[in-house]
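*Asks:* Before anything else, here's the structure in question.
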Amino acid sequence: MKIIYSQLQKFLPDLQVEPKQLRDDLTMIGHFTNFFEEIDNEIVFDLDIKVNRGDCLGYYGLARDLSVYYNLELKPPKSTIYDLRSNYCLPIKVTTDKVKRVIAVKISDLKNTVSPQWLQTFLKCHNTNSINTIVDLTNYIMFLYGIPNHAFDTSKSGQDLIWEINSKFKEFTSLDGSKLILDNKILMINNPQKALSLSFWGGEACAIDSNTNEIIVELAVYDRNTVRQNSRQLKSVTEASVRLEKDLDPEVIPQAFNNLVNLILENCGGQISSQIFDHYPNKTEIPSIEFDPNKASLVSGIEIPQDFAIDCLTRLGCEIKKKASLSRGDVDSSTEGFYIQAPSIRKDISIEADLLEEVIRFWGYQKIPTNQPLVFKEIQDITPKEIYLIEKLKDQLTSLGYDEILSWPLVNSPTDQENVVTTQNSINSEAIYLRQSLTQSLIKQLDQYQRFKLPNPQFFEIGKVFSKEGDNFIEKNALGLYHYNAEQLQSDLKKLDLPLVKEGSREIDNFIEIIIDDLLKIDKYIPQAVNNNAIELTSQIITLDANITLDTKEDPINLIKKYSQIIGDKNLWQLIVTDIYHDTKTNKYRYTFQASYFNLDDKTAKKIHLKSFDLE
Amino acid sequence: MDQNLEKIKTDYQNKISQITTDKDLESIRIELFGRNGLINDLFSKIKDVSPESRKQYGANLNQLKTELEEILKNKSLKVEKADLHSLHNKNNLTTTSLPKIGHLHPITQTERQLNEVFRKLGFSIYNSPEIVTDDFNFTHLNVPQNHPARDMQDTIYIKEPEYLLRTQTSAIEAYLLAQKSKELPLRAAFPGSVFRNEKVNRSNHFVFHQYQAVVVDKNITIKDLIGTMDLMFKTLYGPEVVVRYRSKYYPEVAPGVGPDMQCFSCRGQGCPLCKYAGWIEMGGSGLIHPKVLEMAGIDPKSWSGFAFGMGLDRWTMAQKHIKDIRTLMGGNLAYKPNEL
């Protein structure tokens, strides 16, 4: 959004900061300002307005923020209408609840001409073409207050305006001549015979021109979801739709409306020839929020005085009521603090956290120290085991000379049509299906490398592969490998020490793919995440063997777990099974263990060893 | 040839026949014909042979030497042919004498750097599915249907409106909070791919990479957030990096904080890279919105937390002087095989 410095000063006459400073300050309080430039002797800022701050899509809302930040008085233009003598009631109808508020009036005996220079310059700075005085003033007021508005030439539109959800008209021609096909869900302003205007875009049928001498001018706020849906459906985005999709404040309409009517009367002559039509069926109640000013310090982590918090909210226009004072003997702290009602223009404030955000941003994030990070805290490790395995595999593969690549997880052809996961709306024809195999991606990568005549390619990728089983979407981590020498690839694979699952791996020439998530019992093959408590060794590690004969075949991992528990954690460095022997004559199994003990003398270690393996 | 020499010949014949590489062949050649090799050793023992047998022994030894040389020569040609065959078939290229060095992808390298920072602070590394429900990607992050914040992200749908490809790593946060709501406190960081429905060109891609960290604990403050983010930026970009923290909006946080890094190209003076702002937006962060905690089943009166996320692609591109975003996930990102 563009903002002209001199126009901002009309709302804040005492604003005198340097443009560079204003740019930085606007940014710090949340309105990212890219740059400022000079256009026709005006300083113009380019801002990104936050999506929840519809109020700042106009000078008025932005000036309110700056008045709090700089502690300056806000002086919006005076906007009382004095010339209200007509008793004529406009025959306007509103037949839909999608209109939150609309105000309209008829002005007659106008003389519409080319806009004055100041208005043309204003619009130029806002990248908007000047049309004529009436049209330009409607745009001017939209930029000033953030409320879109519209003027209808009554010689074309008549006076029987109807705000309705379209049910009659099939086509609409906009002000720029675009022809749009309508359906039954479009919020429109029509008359009984013609489609006149969309909620966010005026129509050719009632356009203001140099011959216009009578208008109905209206300002309205609509149900924002309806405008948003209509805008998307008709693939049309306008300055008005951008604003009307936000949560705008119907309470701002009278001020903006009066300002517009006065400007039209001043610049085009004429007179008001109807009563003011004001449709405002459901005034929104502003919630009362419990607020504890102490929390500004608790949440920010730095001291923010309570007085500042209350003063800041007061300057924002909040209504502040202290909670009932403590009754005698009542120590309930919940009776401390305040009830706050945000100004109606601030639709983004609905809970205490929003109020705290206001206080903290005006106090200044730059006052919060940057050198106090969280300190280490021992918390349960929830890292999924496959992440450790993937890290380990990547290290092993790079040490074997493989380069890691990343490829597109969306591809243009399925390998298995039946189970492929398909995107519904991808705008890239080369990226429609979620890949079912990494080999598919690796082959593409190899083609590219060969195109570049890259010598001896040797690379891998670890990424997701996708499939569908009924209504369920399946995604698994996979490892894909390519080596220009197929024998070397096989040899390297052995070095990875992976328990391969045949069903999960596939080999094509020099490619190998392994579905990591299908590896049996992943936890057996990866180091468990532990807090690396350092051990001070005070004597040599003692390693002793033990043979255990069992009647049945046992899982060696379970045996290691069992005997580790028996030996105890205190002095056991490591326990491994070095040999398993099946005596076919006796049909017994002999397991050879190698136990290493630390910080024990020989005698004690041997004693523990014999006892633990029941060898005494 | 006597029996001993015959056996030596047979043994080495077998050994040589199993060799597949030049390197192994060279080892055998040295073993046989090196200064301290077997053949020299056998010749040095001629003096120990009886005078009447010495002549025959010498002849046999010479025969053995010639035969082994022949065997080696033939094998050498085969190995060379095999190597060439392999190279020509696969690549039509030559070999290098230095060992190949493998590389992690630059995105992985950055992720590793960040993981290290966070692990030192007691964070786990986490991940979640890339196909997510609308709930995890939007609703549980305080972005209900028709919320204008949805316009910030063009979504690729798998089955509209329920299933989609996650558009942000915050979806992992929502999933994580729901999974671990009863196992607090919580510290987790997660690198992840995210998807947006954008046309692929030099500047835009439908898939890119983000890094996010989440903390849920008692009495978490903005000071904790800013301090931790600053530590992260200094680890990535060096101690001299200048970062400012300002108010920013994201629906899943309140208050929201935006870190901007002083433009490394113009040092804050304004240039085309930073769109003349002098600063580059580095991501988003804030205290986790009370509604997000509530939707995960966490009581916001007892617990608070922070979250922040940043994109990795732009930074990686700047670091590696990559001008086309497609390079990061395409065939023209390569590595020197040897670095001296």
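The values are calculated or read from the model by the stated rules, or taken from the named source; none is laboratory data. Note that the coordinates shown come from a computational prediction; the quantities given were computed from them, not determined experimentally. Heads up, the Cβs are rebuilt from the backbone with ideal geometry, glycines too, and the neighbour counts pull from every protein chain shown.
*Asks:* Kindly indicate whether B:Asn201 is more than 9 Å from every other protein chain (Cβ to nearest Cβ) and modelled with pLDDT under 95.
*Replies:* yes
*Asks:* How do the helices (runs of 4 or more DSSP H) wholly within segment A:1-105 filter down when requiring 3 or more residues that are more than 14 Å from every other protein chain (Cβ to nearest Cβ) and closer than 29 Å to A:Thr284 by Cα: which remain? Lay out the reasoning, then the answer.
*Replies:* Numbers: elements: A:5-11, A:19-28, A:59-70.
Ranges flagged: A:59-70.
*Asks:* In this structure, does B:Ser203 turn out to be under 26 Å from the mean Cα position of the chain (by Cα), buried (at least 21 other Cβ atoms within 10 Å of the Cβ) and over 17 Å from A:Pro384 (Cβ atoms)?
*Replies:* no
*Asks:* Hey, any hits in segment A:520-539 for a residue that's surrounded by 11 or more Cβ atoms within 10 Å (Cβ to Cβ) and modelled with pLDDT of 80 or more?
*Replies:* Scanning segment A:520-539, I find no residue that is surrounded by 11 or more Cβ atoms within 10 Å (Cβ to Cβ) and modelled with pLDDT of 80 or more, so the answer is no.
*Asks:* Considering only segment A:409-426, state which residues are out of contact with any Asp or Glu (no Cβ under 8 Å at 6 or more places or on another chain) and either part of a loop (DSSP other than H, G, I, E, B) or basic (Lys, Arg) (or both).
*Replies:* The answer is A:Ser413, A:Pro414, A:Thr415, A:Asp416, A:Val420, A:Val421, A:Thr423, A:Ser426.
*Asks:* Here's a follow-up. In segment A:545-565, what residues are surrounded by 11 or more Cβ atoms within 10 Å (Cβ to Cβ) and not charged (D, E, K, R)?
*Replies:* A:Ala546, A:Asn547, A:Ile548, A:Thr549, A:Leu550, A:Pro556, A:Ile557, A:Leu559, A:Ile560, A:Tyr563, A:Ser564, A:Gln565
*Asks:* Within segment A:377-423, can you find the residues that are among the basic types (Lys, Arg), at the interface with chain B (Cβ under 7 Å from one of its Cβ atoms) and within 26 Å of B:Leu328 (Cα to Cα)?
*Replies:* Initially, segment A:377-423 is screened for residues among the basic types (Lys, Arg), giving A:377, A:385, A:392, A:394.
Now drop any that are not at the interface with chain B (Cβ under 7 Å from one of its Cβ atoms), which leaves A:377, A:394.
Listed by number, the list holds a single entry, A:Lys394.
*Asks:* In segment A:210-218, is there at least one residue being in contact with a strand residue (DSSP E or B) (Cβ under 7 Å, 6 or more places away or on another chain), in contact (Cβ under 8 Å) with a residue 40 or more places away in the chain, in the same structural domain as A:Ala151 (by TED's automatic domain parsing) and of a type in the set (Asp, Glu)?
*Replies:* yes
*Asks:* Name the single residue that is nearest to A:Val465 (Cα to Cα) among those in segment B:142-197 being in a loop (DSSP other than H, G, I, E, B) and in contact with a Leu (Cβ under 7 Å, 6 or more places away or on another chain).
*Replies:* Applying the filter and picking the extreme gives B:Ile156.
*Asks:* While we're on this one: Being crowded, with 23+ Cβ neighbours inside 10 Å and either in a loop (DSSP other than H, G, I, E, B) or within 14 Å of another protein chain (Cβ to nearest Cβ) (or both): is that true of A:Phe200 here?
*Replies:* The answer is yes for A:Phe200.
*Asks:* Taking the condition of being in contact with a Cys (Cβ under 9 Å, 6 or more places away or on another chain), in contact (Cβ under 8 Å) with a residue 40 or more places away in the chain and over 20 Å from A:Asn225 (Cα atoms), how many residues in segment A:181-206 meet it?
*Replies:* Final tally of qualifying residues: 1.
*Asks:* Out of (1) touching a residue at least 12 places away in the same chain (Cβ under 8 Å); (2) surrounded by 15 or more Cβ atoms within 10 Å (Cβ to Cβ); (3) not β-branched (Val, Ile, Thr), what's the single condition that is false for A:Asp24?
*Replies:* (1)
Results for (1) assigned by TED's automatic domain parsing to the domain that holds B:Phe264; (2) more than 24 Å from B:Asp299 (Cα to Cα); (3) under 23 Å from the mean Cα position of the chain (by Cα), shown as yes or no for each residue.
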{"residue": "B:Glu198", "(1), (2), (3)": "yes, yes, no"}
{"residue": "B:Val216", "(1), (2), (3)": "yes, no, no"}
{"residue": "B:Asp224", "(1), (2), (3)": "yes, no, no"}
{"residue": "B:Met232", "(1), (2), (3)": "yes, yes, yes"}
{"residue": "B:Val242", "(1), (2), (3)": "yes, yes, no"}
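*Asks:* So is B:Ser285 among the polar types (S, T, N, Q), closer than 30 Å to B:Glu183 by Cβ and either at the interface with chain A (Cβ under 10 Å from one of its Cβ atoms) or surrounded by fewer than 22 Cβ atoms within 10 Å (Cβ to Cβ) (or both) or not?
*Replies:* The answer is no for B:Ser285.
*Asks:* State which residue is surrounded by the most Cβ atoms within 10 Å (Cβ to Cβ) when the search covers only segment A:469-491 and only residues that are out of contact with any strand residue (DSSP E or B) (no Cβ under 7 Å at 6 or more places or on another chain) and more than 9 Å from every other protein chain (Cβ to nearest Cβ).
*Replies:* Here the residue is A:Gln488.
*Asks:* I'm trying to understand the selection: among the residues of segment A:223-255, which are assigned to a loop (DSSP other than H, G, I, E, B) and either under 23 Å from the mean Cα position of the chain (by Cα) or under 25 Å from A:Lys156 (Cβ atoms) (or both)?
*Replies:* A:Asp223, A:Leu234, A:Lys235, A:Ser236, A:Val237, A:Thr238, A:Glu245, A:Lys246, A:Asp247, A:Leu248
*Asks:* Name the single residue that is farthest from the chain's Cα centre (by Cα) among those in segment A:55-80 being under 26 Å from A:Leu265 (Cβ atoms) and without any contact (Cβ under 8 Å) to a residue 60 or more places away in the chain.
*Replies:* A:Lys78
*Asks:* Hey, does segment B:130-138 have a residue that's over 29 Å from the mean Cα position of the chain (by Cα), in contact (Cβ under 8 Å) with a residue 12 or more places away in the chain, more than 12 Å from chain A (Cβ to nearest Cβ) and buried (at least 22 other Cβ atoms within 10 Å of the Cβ)?
*Replies:* Looking for residues that are over 29 Å from the mean Cα position of the chain (by Cα), in contact (Cβ under 8 Å) with a residue 12 or more places away in the chain, more than 12 Å from chain A (Cβ to nearest Cβ) and buried (at least 22 other Cβ atoms within 10 Å of the Cβ), one finds at least one in segment B:130-138, hence yes.
*Asks:* So, A:Ala220, is that one more than 14 Å from chain B (Cβ to nearest Cβ), in a helix (DSSP H, G or I) and not hydroxyl-bearing (Ser, Thr, Tyr) or not?
*Replies:* no
*Asks:* Restricting to segment A:442-454, what's the tally of residues that are over 16 Å from A:Leu489 (Cβ atoms) and either touching a helix residue (DSSP H, G or I) at 6+ places or on another chain (Cβ under 9 Å) or surrounded by 23 or more Cβ atoms within 10 Å (Cβ to Cβ) (or both)?
*Replies:* The qualifying residues number 1.
Every residue, every condition in (1) out of contact with any strand residue (DSSP E or B) (no Cβ under 9 Å at 6 or more places or on another chain); (2) within 7 Å of chain A (Cβ to nearest Cβ); (3) within 18 Å of B:Val216 (Cα to Cα), yes or no:
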residue: B:Ile107; (1), (2), (3): no, yes, no
residue: B:Phe118; (1), (2), (3): no, no, yes
residue: B:Gly122; (1), (2), (3): no, yes, yes
residue: B:Arg150; (1), (2), (3): yes, no, no
residue: B:Leu164; (1), (2), (3): no, no, no
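*Asks:* A follow-up question, please. What about B:Ala213, is it in contact (Cβ under 8 Å) with a residue 40 or more places away in the chain and closer than 20 Å to B:Ile107 by Cα? Break it down stepwise before answering.
*Replies:* Numbers: in contact (Cβ under 8 Å) with a residue 40 or more places away in the chain: yes; closer than 20 Å to B:Ile107 by Cα: yes.
The answer is yes for B:Ala213.
*Asks:* State which residue is nearest to A:Gly401 (Cα to Cα) when the search covers only segment A:446-465 and only residues that are within 7 Å of chain B (Cβ to nearest Cβ) and at pLDDT 90 or above.
*Replies:* Within segment A:446-465, the match that is nearest to A:Gly401 (Cα to Cα) is A:Gln458.
*Asks:* In contact (Cβ under 8 Å) with a residue 24 or more places away in the chain and among the aromatic types (Phe, Trp, Tyr) - does that describe any residue in segment A:418-433?
*Replies:* There is no residue in segment A:418-433 that is in contact (Cβ under 8 Å) with a residue 24 or more places away in the chain and among the aromatic types (Phe, Trp, Tyr).
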